[in-house]
Every structure is written in structure tokens, then in C-alpha cells.
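Structure record follows, encoded as C-alpha cells.
The values are calculated or read from the model by the stated rules, or taken from the named source; none is laboratory data. None of the values given here were measured: they were computed from a predicted structure. FYI the Cβ positions are ideal-geometry reconstructions off the backbone, even for glycines, and counts take in every protein chain you see. Ligands, DNA and RNA are excluded from the accessible area calculation, which covers all protein heavy atoms including side chains. Shrake-Rupley method; radii C 1.70, N 1.55, O 1.52, S 1.80 Å.
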Amino acid sequence: MLGVRMRFFLGLLIGLGCFIGLFAWSEFSNWNSEIARVEADLVRTSEALARHADDVVEMTRLPLASLLTEIRDEEGHAEASRKLEAVVRRQMLASHTLDTLTFADASGEIVASSVQPSSRHNVAEQDFFRFHRLSGFALPVLGRPYQDESSRQWLIPVSQRVVQSDGSFGGVVVATVRVYHFVDFVRHFDLGNCGSFLLVRGDGFVLVRAPLEPSLLGTNISSHELFTKYLKQGDQGNYRYRSPIDDTARFGGYFRSTRTGLVVLSAASQDDVFQAWVEEARSRWLYGVTLLMATLLAATRWNHQARMRKAGEVLLASREAEFRLLAESSSDLIQRFNEHGIREYVSPSSLRILGISADKMIGTSVFAGLRSEDMASAFDAANRLKEGSPQESILTRHSKPTGEEIWLDTAMSRLPTTKEGETPRAVAVSRDVTLHKRRQDELDLLAHSDGLTGLANRRYFDRQLEALLRQQNGEWEPLSLIMIDADRFKQFNDTYGHAAGDRCLREIGDILRQVVRQNDVAARYGGEELAVLLPRTEGTAAEAIAVRIQDMLARRQRPHTGNHPWERVTVSIGISTADAPGVAPEGLIQMADRALYEAKRLGRNKIFSNKDLPSNVRTFPHQGD
């Protein structure tokens, strides 16, 4: 009798240890999954912030170019200073991200500036001025941040050398952006209470740090392991570190822009992430402890019956009890189903996740409630399990009885069989990832959209073009490309200003959104050039869409006095079509580009298709005009 009891209590301790071990392993896996999710979100956040920084830097170059052009035109004129001041005022009105716009002559004295005259100071001792005075580099330069003497604000300069007509140094034009512009922009992203943001030039000089740390601005961190180790491995990734500024351990996600070389590091405090995870897991732990205590009490009552059962029945009951304990203490939905997909067990969390109680789901198909678009992938995963695959993962949408749609991340595992000829069964663990999916979609939209027009950006356009050409290699369907260029757009900007030019581009983008179909892709290709991808569309149908675009634009009647003979805004359109497999993305773009050039050459406000091009037409690189 004593030996039986010892074996019972020994078995009880082993079961308790297994349960605790499984529960601890499950929570450890949950913690690692949370870290992976946070780090992936940080990389996407850094990418979105880097795109914004790229756009800000690019937008500063337009006012500099306009001011340089006016300086060259007015060189030696008596009214030059007054005209330059007028140009500065116009550019500041058109560029909302700029803090100041200034032209300083060769001695560093301010000739024209958006700064009040009483606050103007000689800039000859500033780093950016000394650089251009000693260097012949003619392109815009992103300088190190400095603190303005009058406003005490930290500013980031983008400067360019002024060259006089005789080739001598004529001074510097400089546009500045407030460091606080980026600090305020970062507040749109959730980095936690102790999160941080770092914007660094490609050579390691710190431009922005949030929370603001003035002692760090302008310092060089190229010797830190972010540059010496991680950025050498790739342009994006994760970086765990302890901050030398506030001694806080953080999870970081970095991204280096291929356009400007700027590096962004977004980081969240490890303590903040852990505390948030603990708050989410606390209910699971309490439920697990309650079930564990209940199991211990029930086990003592089952002792007499357990000694009377056969060894095989004891093993089967123990496995079933452990499975149920683990399943019912988990916040995830756990289901067991047979080879036909019929549920044999459903954890109580089904009511919270799917809105259906567990007893109503037992005996029903695991495929019930899935969206029709996800049914095929779910069937394929189940068939692979049936054929011997140990584990499969799928992401599906599920409709609740209330009509609400949720996203479920499901891991399916094949259970081992204990008897020869026993039909295989499987366990599915599903987690509600609806909130995470929405956040990911929002970040993807931010990273793939053009900030001015709201259309897709060039990066997303290139991906979609490559994917459409690659996916059509099975059953081929025509793919057409429309390239659109605003006629004499530089004259439009010169006449009406860059702000009006921006409104004009947004208006054309709005027309494209009205014209394109659900699977079409409308994008800003660059500058005033737009593009539309038309899957399953032949050249004739693409021409009809192009005609509709021109008709809708004509009805808008936006004035453009420099666009003769129409005196309104018009566009030239080039069309190319891939009628057979084997066309490379560059080839389709080149054909549309050639057609666009011909439309321009024939007088503008024309539509030209690549099928009308003679074989000996040469490719000329066209520029938007």
C-alpha cells in the first residue's frame, strides 16, 4: 500500500513538474514572440521615419535651387537684394517644413533671409560656411546641427555653394529645419514611456535625438557598434543595447536610407516592453495556478480509481489531462480535430476569441467561419499535415456571429499515433492578431505611399511591376503600363509657384484614383511623372483609360498660360503592353518611356502607344517640361 502511494505521489510530482515546465515553456515562447513582434515594429517605424527624413531633405533642395537661379540672374543688379528677399518669402510660404532660408555673401554677411533683420548675424564662422568657402563641392550638403544665436533653437542646415559668373566663391545659400520638427514627428509613433529615436548622418554625425539631448547633437558615433558591426551586415535590422545617455536597456530597430544614406534608430525600453507583456500574461498565470490547485485536489480523489486502471489507460488519461490543463490555462484558442477536420476538443477561450462557446463548436468543422479567400490555404495546410508534415502555420480571417472580422495566426501540429493503424489527429493553436495586423497595415501604407499625392510611391510601384510580370508566367494575361507627364510643368511652377504645382499634382492624382480599377496600381513615378499599372488589360483598353484621364483633366480647366495652345494644364501619355511572357520590368518601362517621348515630340497633350513605334525609333531620355 505504501509503495502504491509513493508511486502515486511520485507520478503526481512528475506531472506537476511537466505542467509547470510546459507552462513556463509556453510563456517563454510567448515572451520571445512578443520581442520579435516589437523588434519587427521598430524596424518598420524606423523605415517610415527614414522615408519622412528623406522627403524633408529632398524638399529643402527645391528652395535652394530657386534661390540660386535668382542669384545668378540678378548678379550685379542694383535691385538684386530686394528681388532675392521676395524669392525667399515665396519659397518659405511654399515650404512648410523649413525654419529659415538665407543667402550669405562671400564674407558671411546676410544678403537675403527669412530671418528678421534684427536677428541676422554673420555666418562666416559656421561650419557649413567654412566648408563651402574651402571646398569646390557644388551640390547641396546636409550639415551638422547648430544652435541659432537669436532663437536658441537647434537647427539642421542644408547648404549649397554660390558660384559667381567668374567662377569665384560667391557665398552660401542655406535652408534650415528645426530639430524639434523631427522630435515632434516621432510623437506620432508609440515607442513607450522610455523609448528613443536617433537620426544620424551616413558618416556617423548625430542630427536628432529624442528625447532631445543637446550634448549629443553634432557628435560622431561612427565608432559605435551600430556602425562598426550592425550596419555592415545590412541596411536594416535589430540592435539591442544599453544607452550611454540614460543607462536604459532598449530593443532597437534600425534602417538606413538608400536615397540619402541617413540612418534611423527607433528603440523601446526593455522594461516597458516586459511590463506590458506581464500585464497581458497576468490573467493567464492566475488561471493556470487556479487550475493547478484544482488538479492537485482532483488527483487525490482519483488515486483509488487510478490504481485500478490498466497502465495504458493511465497513460492516456494523463496525456489528456495535461493537454486540457495547458489548453484551458492559455489565452490562445486551442482545438483538436480528426483527419476529416471535425473538432474533438475546443478550449474555453473560443468564446472570447470567436464569440462561440466551446460546447457549440465541438463536432463542427475547423474550416467553418473562414473567409472564402482563405479556405484554399487552410485546406492545403490540413492536407500537408495528413500527408505527414509535422507542423503548418497559416494566417486567416474569421467572421464572428456578430459579423465582426478578425485575423487569426494558427499553428497546426500533427499528433503522434500510439497504435498501428490509428487515424492521425492534429492540434491547432490560434491567436487573435487583429490589432497587430492593423498596425502592420498602417505602417506598410505609410511606407508605400507618396506623401504629396497619396498615390503609391516609386518603391511600391517597382515591387508590384516585378510581381505582376513574375506571377503571369503561368497563364499569361496582358499587362499594360501608362506613363503620364504634365506638359511644361517647370513653366507652371515658375508662373504659379511650387505650392500651386503641388496642388496640380494632387489634382491629377485624384483623377487617377477615380479612373483606376480595384487591382490597378496608380503611383507617383518621380517629379511630375505618374504611372498606372493595368493587369489583364490589352493595349486598346489601356488607350481608352488614357483618353478618360485626359478628358477628366480637360474638364477641370486648370489654367496654364505657358502651355500653348490650350492655355490649361494638359498631360502627355505613353502606353506599353506586355502581350507575352519574358518582358523584363525595365523593358516595359522603356517602351512606355519611348511612347511618352513620341507623344511629347508630336506636340504634347497626346496619347501614344508602343505598338505604333517604328522599329528604328531611338530612345531619347526625356525630361518633364
Could you give the size of the charge dipole of the chain about its Cα centre, using +1 on the Cβ of each K and R and -1 on the Cβ of each D and E, expressed in debye and rounded to the nearest 20?
-> 1380
How long is the gain from residue 150 to residue 276 if the chain were fully straight, where each residue apart is worth 0.36 nm and the alpha carbon distance is subtracted?
-> 41.0 nm
Alpha carbon centre of segment 80-116 versus segment 193-239: separation in Å?
-> 32
Between the alpha carbon centres of segment 245-293 and segment 378-401 the gap in Å comes to 30
Going by accessible area, probe 1.4 Å, with all protein chains left in place, what is the ranking of 213, 373, largest first?
-> 373, 213
If you take the square roots of the eigenvalues of the alpha-carbon gyration tensor of the chain and sort them as a ≥ b ≥ c, do you get rounded (a/c under 1.5), prolate (a/b over b/c) or oblate?
-> oblate
Accessible area per residue of segment 24-113 at 1.4 Å probe, in Å²?
-> 44
Taking square-rooted eigenvalues a ≥ b ≥ c of the alpha carbon gyration tensor, is segment 1-63 rounded, prolate or oblate, where a/c under 1.5 means rounded and, failing that, a/b exceeding b/c means prolate?
-> prolate
Under the Karplus relation 6.51 cos²θ - 1.76 cosθ + 1.60, θ = phi - 60°, what is the ordered set of whole-Hz ³J(HN,Hα) values for segment 571-583, x standing for Gly and Pro?
-> 10, 9, 10, x, 10, 10, 9, 8, 8, 8, x, x, 7
Can you give the extra length, in nm with one decimal, that the chain gains between residue 81 and residue 579 once fully stretched, where that is 0.36 nm per residue apart less the Cα-Cα distance?
-> 173.4 nm
Using a ≥ b ≥ c from the Cα gyration tensor of segment 548-611 (square roots of the eigenvalues), is it rounded, prolate or oblate, where a/c under 1.5 gives rounded and otherwise the larger of a/b and b/c decides, a/b for prolate?
-> prolate
In Å², nearest 10: area of residue 142 left accessible to a 1.4 Å probe | 40
Cβ under 13 Å from residue 251's Cβ, residue 251 left aside: what net charge do those residues give with Lys, Arg +1 and Asp, Glu -1?
-> -1
For the chain, what does -39500 (n - 2.57) per DSSP helix run (n ≥ 4), summed and divided by total residues, give at 222 nm, in deg cm²/dmol to the nearest 500?
-> -14500 deg cm²/dmol
What's the FRET efficiency of residue 458 with residue 297 using the Cβ-Cβ distance as r and R₀ = 51 Å, to the nearest 0.05?
-> 0.20
Going through segment 463-560, which trypsin sites (Lys or Arg not before Pro) have at most 14 other Cβ atoms within 10 Å and a DSSP loop state?
-> 517, 536
Loop-only check: which trypsin sites (Lys or Arg not before Pro) in segment 100-154 are DSSP coil with at most 11 other Cβ within 10 angstrom?
-> 152
DSSP H helices in the chain with Cα extent of 27 Å or more along the helix axis and mean Kyte-Doolittle hydropathy at least -1.0?
-> 2-73, 270-301
Excluding ligands and nucleic acids, what accessible area in Å² is computed for residue 31 using a 1.4 Å probe, to the nearest 10?
-> 50
Taking Cα centroids, how far is segment 546-606 from segment 27-50 in Å?
-> 43
Calculate what fraction, in whole %, of the accessible area of the chain sits on carbon and sulfur atoms when a 1.4 Å probe is rolled over the protein chains.
-> 53
Ordered by number, the trypsin sites (Lys or Arg not before Pro) in segment 169-233 that occupy a DSSP loop and have at most 11 other Cβ atoms within 10 Å are 187
Just how much of residue 586 is accessible, in Å², when a 1.4 Å probe is used and the result is rounded to the nearest 10?
-> 130
What does the charge add up to near residue 403, with Lys and Arg as +1, Asp and Glu as -1, over the other residues with Cβ less than 13 Å from its Cβ?
-> +1
Between residue 216 and residue 568, with labels modelled 7 Å along Cα→Cβ, what's the label distance in nm to one decimal, could you check?
-> 5.4
Sorted by accessible surface (1.4 Å probe, heavy atoms of the protein chains only), largest first, 564, 224, 181 come out as 564, 224, 181
Test item: Cα-centred dipole of segment 38-113, Lys/Arg +1 and Asp/Glu -1 on Cβ, debye = 220
Contour minus Cα-Cα distance for residue 223 and residue 259 (0.36 nm per residue) | 10.7 nm
